[in-house]
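The structure under discussion appears below in the form of structure tokens.
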Amino acid sequence: MPAWPGGPCPICSEFMPENLVHCQSCRALLNPDLVQDSVELPAFQPLQEIAVMIDVVPEGVFVKCPKCNESLRINKKYIGQNIQCKLCKHPFELDLSDPKFESFSVFAKCPHCEKELRAGEKYLGSKVACKYCHGKIKLTRVFD
């Protein structure tokens, strides 16, 4: 069966480019070898229901101390404030937009299983699954 060579539609006479199956104007079949029901449509497959997606607000962040480079677990209420490293006692401002905190992670409790999750900053605003119970959650961006 040759492809449509291009030319006027046999029904509406509008010019149609080559390799089309239906006329773009009147939807008539352009190739006489084809019949209307020659293509079988696959059976409808409903999509799997998505489990409840719950918004989760991180409880705080993990950052590295600018001086001793140790990982510190800090509650979100201290973001934007002057704090002190509990190990080396170095004072610094916890400003997450500062380049010295180029990479941080957040922690939050899973609303499905109540276990604590730790996720990188790149997952803020994303839909993810709990690594323990596979519950669907969305980590909200609260630090912008």
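The values are calculated or read from the model by the stated rules, or taken from the named source; none is laboratory data. Not measured: the values here are computed from a predicted model. Ideal geometry is used to build each Cβ from the backbone, glycine not excepted, and the neighbour counts take in all protein chains shown. The area values use the complete protein model at the heavy-atom level, side chains included, leaving out ligands, DNA and RNA. Shrake-Rupley method; radii C 1.70, N 1.55, O 1.52, S 1.80 Å.
Quick look at the numbers
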{"read-out": "Region 2-31, residues that are at positive phi and in a loop (DSSP other than H, G, I, E, B)", "value": "G6, S13, N19, R27"}
{"read-out": "Residue that is modelled with the highest pLDDT [pool: residues in region 1-16 that are among the small types (G, A, S) and open to solvent by 50 Å² or more (accessible area, probe 1.4 Å)]", "value": "S13"}
{"read-out": "Residues located in region 81-129, provided they are over 19 Å from the mean Cα position of the chain (by Cα), of a type in the set (D, E, K, R) and open to solvent by 90 Å² or more (accessible area, probe 1.4 Å)", "value": "K86, K89, K100, E102, K109, E114, K115"}
{"read-out": "Cβ pairs under 6 Å, 6+ apart, first in region 113-127 and at pLDDT below 90, second not aromatic (F, W, Y) and not in a strand (DSSP E or B)", "value": "L124/R141; G125/R141"}
{"read-out": "Which numbered condition V52 misses (of (1) at pLDDT below 90; (2) more than 30 Å from G125 (Cβ to Cβ); (3) open to solvent by 70 Å² or more (accessible area, probe 1.4 Å); (4) among the hydrophobic types (A, V, I, L, M, F, W, C))", "value": "(2)"}
{"read-out": "Residues satisfying the stated conditions in region 130-144, i.e. open to solvent by 40 Å² or more (accessible area, probe 1.4 Å) and part of a strand (DSSP E or B)", "value": "K136, K138"}
{"read-out": "Among the candidates N31, N19, residue that is farther than 20 Å from V106 by Cα, out of contact with any strand residue (DSSP E or B) (no Cβ under 6 Å at 6 or more places or on another chain) and either at pLDDT 90 or above or surrounded by 12 or more Cβ atoms within 10 Å (Cβ to Cβ) (or both)", "value": "N31"}
